[in-house]
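**Q** Please see the structure below; I have some questions.
The values are calculated or read from the model by the stated rules, or taken from the named source; none is laboratory data. Fair warning: this is a prediction, and the values are worked out from it, not measured in the lab. All Cβ positions, even for glycine, are placed from backbone atoms using ideal geometry, and neighbour counts span all protein chains on display. In case anyone asks, the SASA skips ligands and DNA or RNA and just uses the protein heavy atoms, side chains included. Shrake-Rupley method; radii C 1.70, N 1.55, O 1.52, S 1.80 Å.
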Amino acid sequence: MPMEKTFDAAEAEARIYARWDQDGCFAAGANARPGADPFSIMIPPPNVTGALHMGHAFNNTLQDILTRWHRMRGFDTLWQPGTDHAGIATQMVVERELAAEGKSRRDFSRDDFVARVWQQKVKSRGNIRGQLERLGASCDWSREAFTMSGAPGAPEGEEGNFHDAVIKVFVDLYDKGLIYRGKRLVNWDPHFETAISDLEVEQVETDGHMWRLRYQLADGLTYDHPTAFDEDGNPTEYEARDYLTVATTRPETMLGDTGIAVHPDDPRYTHLVGKEAILPLIGRRLKIVADSYADPDKGTGAVKMTPAHDFNDWAVGERTGLQAINVMTPRAAMWLKDNADFAEGCEDWGLTRVIQALDGLDRYKAREWIVETADAEGWLDGMDADRHMVPHGDRSKVAIEPYLTDQWFVDTARIVQPALDAVRDGRTKILPEQHEKVYFHWLENIEPWCISRQLWWGHQIPVWYGLNMWADSATLPAGDLDEVDLGALLLDDGIVHAGDHHHAATDFGAVAKAFHKDIASLPQPLNVARVVEVEDKHAAIEALAASLADYAVSQDPTHLIYPVWRDADVLDTWFSSGLWPIGTLGWPEDTPELRRYFPTSVLITGFDIIFFWVARMMMMQLAVVNQIPFHTVYVHALVRDEKGKKMSKSLGNVLDPLDLIDDFGADAVRFTLTSMAAMGRDLKLSKDRIAGYRNFGTKIWNAARFAEMNGVWENHATHITPPRPTATVNRWIVGEVARARLAVDEALAAYRFNDAANGLYAFVWGKVCDWYVEFAKPLLADEATAAETRETMAWVLDQCLILLHPIMPFVTEELWSTTGHRPKPLIWADWPTYGADLIDADADREMNWVIALIEEIRSARAQMHVPVGLKLPLLRIELDAAGRAAWDNNAALIQRLARIDSLTDAPSVPKGAITIAAEGGLFALPLEGVIDIAAEQARLAKTLEKLEKDLTGLRGRLSNPKFVESAPEDVVEETRDLMAQKDDEAGKLRAALARLAELA
RNA sequence: GGGUGGUUAGCUCAGUUGGUAGAGCGCUUCGUUUACACCGAAGAUGUCGGGGGUUCGAGUCCCUCACCACCCACCA
C-alpha cells in the first residue's frame, strides 16, 4: 500500500505513544548500555490544580529532548514525573467549587474537606498525565510521584512515602534548631486567612491617598515649627505647636498606634523624645521615641508607629520597646471589642464610641469613618492623592495585611551558605549564567522563611502541644494555663505518621515516651498514666479538669491523663516540593534509585521559580543529605503570545497546547518551541510558525515516500555503520550527515536547543531534500549506481530520523517502524558516533562546484525569463582540470537540474548568449531570439557592481600594511583567495559586457 | 531606588573566542519536470537604536544616551 501524502498525526500519535508505553520504552534504565552512566531529570511537578499551559509544553519538550537523546545514547536514563499538591492553589479550587454549592470548608470537618481535595487531585492528575502524553513526554510513569503521597487521609492508589520524607526533614531541622516557632509579623492573606511567604506577595501599584493627622502632645508640650525660610532654606520664623502631624496611607491602623518616632538628630524634636503624645479618638498615650528610621526630610519628620500592622514599625518597635497591639481579625476587620491589649490605656469615652462605630467593620470601611471623623473634629491636617505600591496575595489578589501571629520559620540564614558555595565553585551550574547573579542576590539577602500556613490541605505540622502545669497537683491551678511546645514527634525507630495516631487518642500514651522531648524532661514534672490527644487547647483544659476531678474522687492515679493537641497548621507547599529530588527517589530510605540517580543531572525550569523552588531545593538538599540536587540548572524563558504579551487567562490570549497539537501535531509544536529556545530570550508563539514546522514534518515524510517508491527500503536492515559508496554524490551526502550529527550533539551538549533544531531543519530540507534527493533521481535510474544509491539513501534517511527523533518523536518513529526491517523501535535506536572522518574533501569540493553551477544557470535563466520547460545547450568556453572532472562526473545531474540538453565547446561567448561564470571556468547559454541584449547587459552589470563593491573593500584591506602585519595569517590568506576569486569573476563579466557592447 | 535583559530585513528572531550579516514567515516573478502546492525555482529588502572609544578590522569589547521589557526593594 503506497504511503499517504501527509503524516496523519491525529491518528498516529496516540497509537505510537501507547506502544512505547506498553513496551516499557520509558522505564528508568531502558536501553541503557551495560555499565552506562546515569542521566536523570526531575520534572518540575505541575500543580494538581489544573491544565498545562504553553510554558509546561515548552519546559517538558526540552526535558524530553534531553531524555530521549541520552536514552538513545545508551545512558541509564530516568525522567521522573509527578505532581505537586500546591496547597493554597488547590484548596482554593476546591473551596470555589464548594462556594458554587453555597458551602464553605467550615461546613465540613477537616478530614472530610481533605478527602474532597484528594478527589480533585486524583481527577486533575489524570488530566496532567494525559496532556504530557499528548506532547510525547517519555517519562517513567511507573514512578509517578506526588508531594503528598502517603499522607494521612490519602485514598487508595496514593501510597508512597513523600510524606515521610517531609516529616523527617521537619523533625531533623527542628532538632538542629533550624526551624523555630515565633510570634512575628507576617504577610497575612485576609481572604484565605493564612500567612504567606514574602515570595507570595506581589506589589500592585494602586491609587490611594496620603492623609495627614494631628496628634496632640501630652502635658502642654510644644515644639517650634518653622513657618518661613531664607534663600538657603534655613528657617527664619517659627510658631509654637502643641501637636505633631503624622502622615499615613492607612488611617485605620492608627488604632494600633503605640508611639511616634523621630530622628535622634532632628533638632525640632529632641526635647520631645521620651515624652508622650495622645492618640486621637481613644486618648492612648504614645511614646515619642528616637530612631533613625524616621527621615527628617519626609513630611514633618515624625512618624506614627503601628508595630502590629507595619513591618517597618515592627522593627522600630523592637528597637525602642514599643508595644504591638493587634486591632484586626484574621479577615482584616477591626477587632476592638474584647481586645484587652487595645483597651488598655484608652479613655472610656473614646473606647465606647470607637467600638460601637468600628468593631467588626472591614478595614476600608473603618478607614472612611476615621477620615470623616478626623475631618469633622479638626485633627485632619489635609490629604494628597498618592499612587503607591500595595502588597497583594498572589493567589487571592486581595491586599495583604501585616499581621501578628504565631508561625513556624526556617532559619534560612543558617543553611544558605552551602547553596551559595555550590554555585560559586561550579558544582552546580546555572544556565544562562546571568541567572546566577539573581540567585546570589536573593540568597545573600535571605529572610527567614515562614513555612506554616493556616490551611487544611497540606502536610500538617508534626508538633504537639500540652499544658504547662503541675501534673501532680490535685486541682487545676488558678488562672489560665500556658501551653508548651512538646516538640516534633519522632519514634526511635524512625518516623511515625502523624495520621497513624491522629484518632487513636487512647493509644497515644504508648508513644508518649518517644516524644522528642521526653515527657519526663518537661519543665514541670508530670506524673500521669496516659497521654491523650485532643482537638485543641480548649478541649485539653476540659479533659484535664475532668481527669483531675475524677482523680480527686477515685484517688486512682491511673485515671490521670495528660491531654495534648496537634498544631493545626500545614507546611508551605514549597517546603515539600523543595525535597522533590530526594523525595521522589525514596529518601529517607536508602533506595537503589537514590544511589543511582542522585544528584540529578539537570533541572529544566522557568526563571519565575528560581527563588520559590530552585534556591530552596539547593538549600534543603544540602541541609538534609549534604549533596547538591543537580549538576546543571537550565533556566528557560517565558512563552508569550505573538504580540509579546504574557499569556494569561484574564487577557484571553492563552494558546492551549492541546489545541495546537490537535491542529498541527505534537511534533510541530515541539519543533517550534525548540527552534525558538534561544537561551534567555522570551519566545513569541505564532501559529504560522507552527504550521511551518508541520510542513517540515511533511517534507521528511515525503522524502521517505520518495524512497519507498524507489525501492530504497527493500531488503534494508538498520545499520549504524555508514556505507562506503563510490559515486561522488553519495560520498558527499555521507559527509554532510556526519557534519549534521556533530552539530546536533554539540548543540544539545551546550543546551543550545535552537541550534540543534535549526541545524537539522537546514540539513534535512536544504541538503537532503533539495539536493540529495534530486541528485539521486538520475543515479537511481542508472543501473551502475542504483544499488549503492539505494543503500546510501536508506542510511541517510535513517540518520535523519535518528537525529530528529528527540525533537519530533512521532513522525520519525512512524517512518522508522513502517520502513525496512527494524530490530528496535526508534526511541531505542543507537545514536550515531561517527564524525568528521566521513567527510570526503574531494566529493565536498566537487559537489559544491556542481551546486554553484546549477544555481548560476538557474538564476540566469530565471532572470532572463527563459521558459522553465525549455532545454538549452550549454557552451563551454573555458574550464580548468578540476572543473572538467567535476563536469564529467556529474554531467547527468547538472543537465537534469539546470535543464541543459548538451555541452559543446566554443571559443568565446557568441552573440545572443548569456554568460555563466563558474569557479575555474566560463560557460555560455545561447539564447538567440529568446532574450534581449539590454536585459543581459543589465543582469551582468548588476552582478559586476556587487562584485566591485566587494573588491574595493578587500583591496582596501589588503593594501593596508597594518592589516597584513597584525591580522592572523590564515585571515590574510583567506582574504587574498577571496579577492583573487572575485577578481577573476569580475574580469570575465567585464569581458562579456564589452563583447555585448560591441554587438549592440 | 537597585538590578537584569533587549533594541539586527515588512514581521518574529538567530548570530559561541572581534574577520565585513543569516533563517522562518510575509512579499514579487515564474512553475504542476514521476516525493512533497503543507511544493519547487528565482528575486527584492538591513548606515545591526543614537553618539563616542579601543582595534588593521566592531552587530560582537568598553563608555554614554534614549526607549522597551522584566525582577527585587520600598519611603510613613
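**Q** Given 20 Å bins starting at zero, what is the percent of C-alpha pairs of chain A in each, up to the one with the largest pair distance?
**A** 11, 29, 28, 18, 11, 3, 0
**Q** Could you compute the FRET efficiency for residue A:928 and residue A:686, with r as their C-beta to C-beta distance and R0 at 51 Å, rounded to 0.05?
**A** 0.55
**Q** Let me ask something else about it. If I stretch the segment between residue A:983 and residue A:862 completely, what's the gain in nm (0.36 nm per residue apart, minus their alpha carbon distance), one decimal?
**A** Numbers: separation 121, 0.36 × 121 = 43.56 nm, distance 2.51 nm.
Going from the current span to full extension adds 41.0 nm.
**Q** Provide the three semi-axes, in whole Å and in decreasing order, of the ellipsoid equivalent to region A:812-903 as defined by the square roots of 5 times the Cα gyration tensor eigenvalues.
**A** 38, 20, 11
**Q** For a label point 7 angstrom out from the Cα of residue A:935 toward its Cβ, which stretches of region A:862-880 have the backbone nitrogen within less than 17 Å?
**A** So the set is A:862-873.
**Q** In whole angstrom, and with the biggest value first, how far do the Cα coordinates of region A:53-114 range along each principal axis?
**A** The principal-axis extents, from largest down, are 56, 25, 14 Å.
**Q** Set Lys and Arg Cβ to +1 and Asp and Glu Cβ to -1, take the dipole of chain A about its Cα centre, and tell me which of A:329, A:868, A:91 lies farthest positive.
**A** Most positive-ward Cα: A:868.
**Q** So the label point goes 7 Å from the Cα of residue A:715 along Cα→C-beta, right? Which residues of region A:765-798 then have their backbone N under 17 Å from it?
**A** Output list for this probe position: A:780-795.
**Q** Take region A:187-265, drop everything but the C-alpha atoms, weight them equally and run the Debye formula without solvent; then report log10 I(q)/I(0) at 0.16, 0.18, 0.21, 0.23 Å⁻¹ to two decimals.
**A** Log10 I(q)/I(0), no solvent term: -0.89, -1.00, -1.15, -1.24.
**Q** Provide the net charge surrounding residue A:110, with neighbours chosen by a C-beta distance below 15 Å and charges set as Lys +1, Arg +1, Asp -1, Glu -1.
**A** Net charge around residue A:110: -4.
**Q** Leaving out ligands, DNA and RNA but keeping every protein chain, what accessible area does residue A:249 have, in Å² rounded to the nearest 10, with a 1.4 Å probe?
**A** 40
**Q** Out of region A:316-420, which GluC sites (Glu not before Pro) are coil in DSSP terms and have no more than 11 other C-beta atoms within 10 Å?
**A** Values: sites: A:318, A:344, A:347, A:368, A:372, A:377; in loops: A:344, A:347.
Answer by residue number: A:344.
**Q** In nanometres, what is the gap between the two model label sites at residue A:781 and residue A:437, each 7 Å from Cα along Cα-to-Cβ?
**A** 6.2
**Q** To continue, here is another question. List the GluC sites (Glu not before Pro) within region A:900-996 that fall in a DSSP loop (any state other than H, G, I, E or B) and whose Cβ has at most 10 other Cβ atoms within 10 Å.
**A** Details: sites: A:919, A:928, A:936, A:945, A:948, A:965, A:969, A:973, A:974, A:985; in loops: A:919, A:928.
Hits after loop and neighbour filter: A:928.
**Q** From the P(r) of region A:396-458, could you give the percentage of C-alpha pairs in the tail past 16 Å?
**A** Of all Cα-Cα pairs in region A:396-458, 62 percent lie more than 16 Å apart.
**Q** Follow-up question, since we're still on this one. Using a simple charge model, +1 on the beta-carbon of Lys and Arg, -1 on the beta-carbon of Asp and Glu, nothing else, what dipole does chain A show about its Cα centre, in debye to the nearest 20?
**A** 3100
**Q** Still on this structure: Once amide H atoms are built 1.01 Å from N in the peptide plane, which residues 5 or more positions from residue A:39, or in another chain, come under 5 Å H to H?
**A** A:76, A:77, A:78
**Q** When all alpha-carbon pairs of region A:258-410 are counted, what percent fall beyond 21 Å?
**A** In whole percent, the share of Cα-Cα pairs in region A:258-410 beyond 21 Å is 53.
**Q** Same structure again: Quick one: 3J(HN,Hα) in Hz for region A:808-817, Karplus 6.51/-1.76/1.60 with θ = phi - 60°, rounded, Gly and Pro as x.
**A** Karplus-based 3J(HN,Hα) across region A:808-817 equals 10, x, 6, 5, 5, 5, 5, 5, 4, 7 Hz.
**Q** Oh, and also: Given +1 on the Cβ of Lys and Arg, -1 on the Cβ of Asp and Glu, and no further charges, what dipole in debye does region A:345-445 carry about its Cα centre, rounded to the nearest 20? Walk me through the intermediate numbers first.
**A** Working: 12 positive and 20 negative charges, 153 e Å.
That gives region A:345-445 a dipole magnitude of about 740 debye.
**Q** How much of the pair distance distribution for region A:156-291 lies past 22 Å, counting alpha-carbon pairs only, in percent? Before the final figure, lay out the partial values.
**A** Values: 5839 of 9180 pairs.
Tail fraction, whole percent: 64.
**Q** Which distance in Å, rounded to a whole number, links the C-alpha centroids of region A:575-612 and region A:779-838?
**A** Cα centres, region A:575-612 to region A:779-838: 37 Å.
**Q** Roughly what angle does helix A:666-675 make with the longest principal axis of chain A, taking Cα atoms, 0 to 90 degrees, to the nearest 10?
**A** 90
**Q** In whole Å, what is the distance between the alpha-carbon centres of region A:224-289 and region A:434-457?
**A** About 37 Å separates the Cα centre of region A:224-289 from the one of region A:434-457.
**Q** State the extension gain, in nm to one decimal, for the chain segment bounded by residue A:386 and residue A:265, taking 0.36 nm per residue of separation less the distance between their alpha-carbons.
**A** Once the chain is fully extended between residue A:386 and residue A:265, it gains 40.7 nm.
**Q** Report the extension gain between residue A:542 and residue A:429 in nm, rounded to one decimal, defined as 0.36 nm multiplied by the number of residues separating them, less their alpha carbon distance. Mind dumping the intermediate values first?
**A** Working: separation 113, 0.36 × 113 = 40.68 nm, distance 5.71 nm.
Taking 0.36 nm per residue and subtracting the Cα distance, the gain is 35.0 nm.
**Q** Tell me the label-point distance for the pair residue A:349, residue A:172, using the 7 Å Cα-to-Cβ offset, in nm and rounded to one decimal.
**A** So the label points at residue A:349 and residue A:172 sit 6.5 nm apart.
**Q** Using the per-residue mean of other Cβ atoms lying within 10 Å as a proxy for protection, in what order, highest first, do the peptides A:128-135, A:545-552 fall?
**A** Values: A:128-135: 19.8, A:545-552: 15.2.
Answer by packing, highest mean first, reads A:128-135, A:545-552.
**Q** If you don't mind, another one. Nearest 500 deg cm²/dmol is fine: what mean residue ellipticity at 222 nm does chain A get from its DSSP H runs of n ≥ 4 alone, each adding -39,500 (n - 2.57), divided by its residue count?
**A** -13500 deg cm²/dmol, from helical runs alone.
**Q** Now a separate question. Quick one: what are the phi-derived ³J(HN,Hα) couplings along region A:862-873, Karplus 6.51/-1.76/1.60 with θ = phi - 60°, whole Hz, x for glycine and proline?
**A** Couplings: 5, 5, 8, 6, 6, x, 4, x, 6, 8, 10, x Hz.
**Q** Same structure, new question: Please state, rounded to one decimal and in Å, the Kirkwood hydrodynamic radius that region A:86-150 gives when every pair of distinct Cα atoms enters the mean of 1/r.
**A** This gives a value of 13.4 Å.
**Q** Now a separate question. Whose amide H sits under 5 Å from the amide H of residue A:362, counting only residues 5 or more places off or on another chain, with H placed in the peptide plane?
**A** Amide H neighbours of residue A:362, under 5 Å, 5+ apart: A:334.
**Q** Can you run phi through the Karplus equation (6.51, -1.76, 1.60; θ = phi - 60°) for region A:190-206 and list ³J(HN,Hα) in whole Hz, with x for Gly and Pro?
**A** x, 6, 8, 6, 8, 6, 9, 7, 3, 5, 8, 9, 10, 7, 10, 6, 9
**Q** Okay, moving on. Around residue A:430, what is the net charge, scoring Lys/Arg as +1 and Asp/Glu as -1 over all other residues with Cβ under 10 Å from its Cβ?
**A** Values: positive: A:429, A:437; negative: A:433, A:436.
That works out to 0.
**Q** Under unit Cβ charges (Lys, Arg +1; Asp, Glu -1), what dipole magnitude, rounded to 20 debye, does region A:739-859 have relative to its Cα centre? Let's see the in-between values first.
**A** On the way: 10 positive and 20 negative charges, 83 e Å.
Using only the charged Cβ atoms, the result is roughly 400 debye.
**Q** Seen from all sides and averaged, what is the projected area of the convex hull of the Cα atoms in region A:688-784, in nm²?
**A** Average of the hull's projected areas for region A:688-784 equals 7.2 nm².
**Q** By the scheme Lys and Arg +1, Asp and Glu -1, what is the net charge of all other residues having a beta-carbon under 12 Å from that of residue A:332?
**A** That works out to 0.
**Q** Same structure, new question: Angle check, please: helix A:434-444 long axis (alpha carbons) against the longest principal axis of chain A (alpha carbons), in degrees 0 to 90, nearest 10.
**A** It is inclined by approximately 10 degrees.
**Q** Another question, then. Skipping prolines and chain starts, which residues have an amide H placed within reach, meaning under 5 Å, of the one on residue A:903, given they are 5 or more residues away or on another chain?
**A** A:874
**Q** Any idea what diffusion coefficient region A:720-868 gets from Stokes-Einstein, in µm²/s, Kirkwood Rh on alpha carbon pairs, 20 °C, 1.002 mPa s?
**A** Details: Rh = 16.5 Å.
Using the Kirkwood radius from Cα pairs, D works out to 130 µm²/s.
**Q** For the Cα atoms of chain A, what angle does the longest principal axis make with the long axis of helix A:162-175, in degrees from 0 to 90, nearest 10?
**A** Helix A:162-175 sits at roughly 50 degrees to that axis.
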